[in-house]
Amino acid sequence: MKHYDYLIIGSGIAGLSFALKASRHGTVCIMTKAQRDETNTKYAQGGIAGVFNTGDSYEKHINDTIIAGDGLCNREIVNLVVKEGPVRIKELVRWGASFDRNRNGEFNLAKEGGHSDKRILHFQDSTGAEIERALLAQIFKKKNITLLENYFALELVTQHHFGKKITKASQGIECFGVYAFEVNTAKVEFFSAGNVILASGGVGQVYANTTNPLIATGDGIAMAYRAKAKVENMEFYQFHPTALFHPGISPSFLITEALRGAGAVLKNHQQKEFMYSYHAQGSLAPRDIVARAMDSEMKKSGKSFLYLDARKVSPVELKKHFPNVYNHCKHAGYDMRKDLVPVVPAAHYCCGGVKTDEWGKTSIRKLYACGECASTGLHGANRLASNSLLEALVFSNRILMHCLEFKKSNSQRNPNFSPKDIPRWDASRTTNPEELILILQVKKEIQEMMSSYVGIVRSDVRLERAKKRLAMFFEETEALYKKTTIGVDLCETRNLISAGYLIIKSAMLRKESRGLHYNTDYPFKKESAEGTVF
Ligand code: FAD
Ligand code: SIN
C-alpha cells in the first residue's frame with residue numbers, strides 16, 4: 001500500500017496547478033489514466049478570462065458571468081473567482097506559460113461570446129497546450145511529486161469499504177484514498193491519502209458529437225456519486241456552437257469562439273446572418289442562446305450544419321492568432337480566407353459536477369474536487385466562455401489553503417479505521433472479457449441515445465425514453481462488471497452510464513427552461529430556481 005499526503009486524480013490544469021503548490025507541503029501523487037498531457041486542458045483554444053484591460057472591471061466580468069449563468073450562479077463564488085483570477089494568472093505566467101502580447105508588452109486580449117470587454121488571454125489558438133506544457137515542465141522539477149501515467153482511479157474508499165452502511169444521509173463520510181488499477185496489468189491497488197483531490201475533468205464522451213477527447217468520461221463525478229458525495233446541476237451541459245462539421249471524425253474539431261470575437265459570423269444556407277433575430281449580441285451571444293438558435297435553424301432547413309464566415313477576419317490575424325484552426329480547416333478542404341466553413345454545435349463542457357463549497361470541499365471529508373468535475377457555483381446554468389481554466393486555477397489555490405488550515409486534523413488518522421484494514425480488491429470471481437464488442441457497442445448506443453434525447457432541446461417524452469434505455473444499459477453493464485476482469489472500456493462505460501443518469505434525472509426534475517436546459521414542455525423560466533442536487 002502506498003501513502004501520499006495529497007493524491008490527485010487527473011493531470012490537467014486543475015490537478016497540475018494544485019500539485020505544484022502542494023509539493024511544498026508534503027508528498028504528492030498525480031494519477032492519470034492516460035498519457036500525462038491527454039486532457040481537456042491540452043485542447044483549450046480560446047484562452048483564459050481575466051480583468052487586465054484598461055476600461056474593463058471586476059464588476060463587468062462578474063456581471064457577464066452572472067448574465068450567462070441565467071440566475072443560478074453563486075454570487076459569492078463569482079466574486080471571488082473574478083477577483084482572485086488575475087493573481088493566479090500571473091502565477092501561471094511565472095511558472096512559464098506564455099500568452100500573446102502586443103508591442104507594448106501588454107497582454108493581447110481577445111473577446112468571446114457573452115463578454116462585454118476584451119479579457120481573454122491566449123497563446124495563439126493553442127492556449128491549453130501551452131498551459132499544459134508549462135505546468136508539466138514545472139512538475140518535472142519537483143522531487144516529491146510522483147506522476148503515474150496509465151493508472152485508472154476506480155473507486156473512492158470510504159467507511160463503506162470497512163463494511164459500514166453508507167447512505168447520502170450518513171454523517172461524517174470520510175475518504176481514505178482510492179482503488180486504482182494499472183492499465184497495462186489490470187492489477188488493482190489501494191492508494192492511501194491524507195487528502196484526495198478529484199481533478200478528473202468532464203464528461204463530453206457521453207454524447208456522440210463532442211469536442212472532448214476520449215478521456216472525458218465523467219469518472220470522477222461517477223466515483224463521487226457512488227461514494228455518496230453530493231453532485232449538482234448536471235442538466236446544464238454546454239454545447240459549443242462551432243465545431244467543424246466533419247462526419248466520421250471524432251472528437252469534433254473545435255473552431256474557437258475567439259474567431260467570432262475577431263469578426264467571423266454564423267450564416268445559414270442562404271448565406272444570411274441569422275443570429276441577430278435571436279439576440280442583440282448576434283454571433284457573440286452567450287453560448288446557450290447561439291447553440292439553441294443553430295439547432296432551430298438546422299431543424300427549419302433540414303440540414304445537419306450551418307456556416308461560419310471568417311472571410312472578414314484579416315489574413316494577418318488568421319495567421320497570427322488562429323494558425324491551428326486555419327491549418328486544420330485548410331486540411332479538411334476549407335480555406336477560411338475564401339470559403340465558408342461548415343459548423344455544428346458539439347457537446348463541450350459539463351457545468352455541473354461534484355458539489356463543492358468556496359474551498360473546493362465536497363460533502364465527503366478529505367475529498368476535494370477541482371476543475372471541470374466540480375460544481376463550485378461559478379457557472380450556474382451556463383458557463384461564460386474561458387471561465388473554466390480560470391476557475392480551476394483559483395480553486396486549486398483555495399483547496400491547498402484549506403488543506404493547510406486543516407492539516408493537523410486531516411493528517412490525523414481516523415481511530416476507527418486503519419488503512420491496513422482496507423480489503424484487497426476481490427477479483428477472484430472474474431474472467432477476462434471475451435466480448436469487448438459488447439461494451440463498445442453499449443458505449444456507442446449511450447452516446448447516440450444521449451444526443452438524440454438529452455441534447456440541446458429536450459422534452460418529457462424524450463427524457464422518459466432516455467431513462468428507460470439507460471436503465472437497460474445499466475443492467476447489462478453491471479452484469480458484465482460483476483463477472484469480468486477490470487478494464488478501461490468497461491469502467492468508462494459504467495461511469496458514462498452514471499453521468500448519463502445524473503444528466504437525465506436532473507433534467508427531469510427541472511420543470512422549466514433555463515440556461516443550457518431547454519424543455520419544450522416547459523419553455524419558460526420560473527421566477528426563482530435552485531440547483532438540482534443528488
Ligand atoms: P482535464 O484537463 O480534462 O484533465 C482531466 C484529467 O483527469 C486527465 O488527466 C484524465 O486522464 C484524468 N482522469 C480522468 N478520469 C480518470 C481516472 N478514472 N483515473 C485517473 N485519471 C483520470 N476552457 C476555457 O476556459 N478556455 C478555453 O479556451 C477552452 N477551450 C476548450 C477547448 C476544447 C476543445 C475543450 C474540450 C475544452 C475547452 N475548455 C476551455 C474547457 C477546459 O479546457 C476544461 O474545462 C479544463 O481544461 C478542464 O481541466 P481539468 O483539469 O478539470 O480536467
Ligand atoms: C473556445 O475557444 O471557443 C472555447 C472557449 C471555452 O470553452 O471556454
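The values are calculated or read from the model by the stated rules, or taken from the named source; none is laboratory data. Quick caveat, the model's predicted, so the values are computed rather than measured. Heads up, the Cβs are rebuilt from the backbone with ideal geometry, glycines too, and the neighbour counts pull from every protein chain shown. The protein model used for the area step is the full one, side chains on, heavy atoms only, and it has no ligands, DNA or RNA in it. Shrake-Rupley method; radii C 1.70, N 1.55, O 1.52, S 1.80 Å.
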Would you check the range 275-398 for Lys pairs whose C-alpha atoms are within less than 20 Å, ignoring same-chain pairs closer than 8 in sequence, and give me the count? 9
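Rounded to the nearest 5, what is the percent of antiparallel bridges among the DSSP beta bridges in the chain? Working shown, then result.
Numbers: 35 of 60 bridges.
Close to 60 percent.
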Rounded to whole angstrom, the alpha-carbon centroid of the range 357-379 lies from that of the range 88-108 at a distance of 28
Specify the angular offset, from 0 to 90 degrees and rounded to the nearest 10, of the alpha carbon long axis of helix 287-301 from the longest principal axis of the alpha carbons in the chain. 60
I'd like the Karplus ³J(HN,Hα) series for the range 459-468: coefficients 6.51, -1.76, 1.60, θ = phi - 60°, whole numbers in Hz, and an x wherever there's a Gly or Pro. 8, 4, 5, 5, 5, 4, 5, 4, 4, 5
Can you tally the lysine pairs in the range 456-534 where the Cα-Cα distance is under 30 Å and the two residues are eight or more apart, or on different chains? 18
Give the residue from LEU516, HIS160, PRO415 lying farthest towards the positive end of the charge dipole for the chain; charges sit on Cβ (+1 for Lys and Arg, -1 for Asp and Glu) and the dipole is referred to the Cα centre. PRO415
Within the range 469-514, which GluC sites (Glu not before Pro) sit in a loop by DSSP and count at most 16 neighbouring Cβ atoms inside 10 Å? GLU512
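Hey, any idea what % of the range 36-87's accessible area is carbon plus sulfur with a 1.4 Å probe?
Carbon with sulfur: 49 percent of the solvent-accessible area.
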Dipole in debye (nearest 20) - the range 1-122, about Cα centre, beta carbon charges: Lys, Arg +1; Asp, Glu -1: 420
How many percent of the accessible area of the range 130-222 is carbon or sulfur, using a 1.4 Å probe? 52
Loop only by DSSP, 16 or fewer other Cβ within 10 Å of the Cβ. Give me the chymotrypsin sites (Phe, Trp or Tyr not before Pro) in the range 333-385 that pass, ordered by residue number. TRP359
Helix 75-94 sits at what angle to the longest principal axis of the chain, using alpha carbons and giving 0 to 90 degrees rounded to 10? 90
Given a 1.4 angstrom probe, what's the average accessible area per residue across the chain, in square angstrom? 41
Cα axis of helix 13-22 to longest principal axis of the chain: angle in degrees, 0 to 90, nearest 10? 50
What are the aspartates and glutamates whose alpha-carbon lies under 19 Å from the alpha-carbon of LYS267, with same-chain residues fewer than 8 places away excluded? GLU112, GLU257, ASP288, ASP295, GLU297, ASP309, ASP335, ASP339
Dipole magnitude of the chain about its Cα centre (Cβ charges: Lys, Arg +1; Asp, Glu -1), debye to nearest 20: 560
Roughly how many Å² of ASP70 are accessible to a 1.4 Å probe, to the nearest 10? 30
Where the centroid of each part is defined by its Cα atoms, how far is the range 502-530 from the range 260-299 in Å? 23
Selection from CYS370, CYS350, THR532 lying farthest towards where the dipole of the chain points positive, charges on Cβ: CYS370
List the relative contact order of the chain as a percent without decimals, with contacts defined as Cα pairs under 8 Å and 6+ residues apart. 21
Spatial separation of Cα centroids for the range 31-76 and the range 321-346, in angstrom: 25
Among the GluC sites (Glu not before Pro) in the range 25-123, which ones are in a DSSP loop with at most 12 other Cβ atoms within 10 Å of the Cβ? Mind listing them? GLU106
If the cut-off is a Cα-Cα distance under 19 Å, which aspartates and glutamates reach LYS407, setting aside same-chain residues fewer than 8 apart in sequence? ASP5, GLU174, ASP357, GLU358
Can you compute the charge dipole magnitude of the range 333-488 about its Cα centre, using +1 on each Lys and Arg Cβ and -1 on each Asp and Glu Cβ, nothing else charged? Give it in debye, rounded to the nearest 20. 500
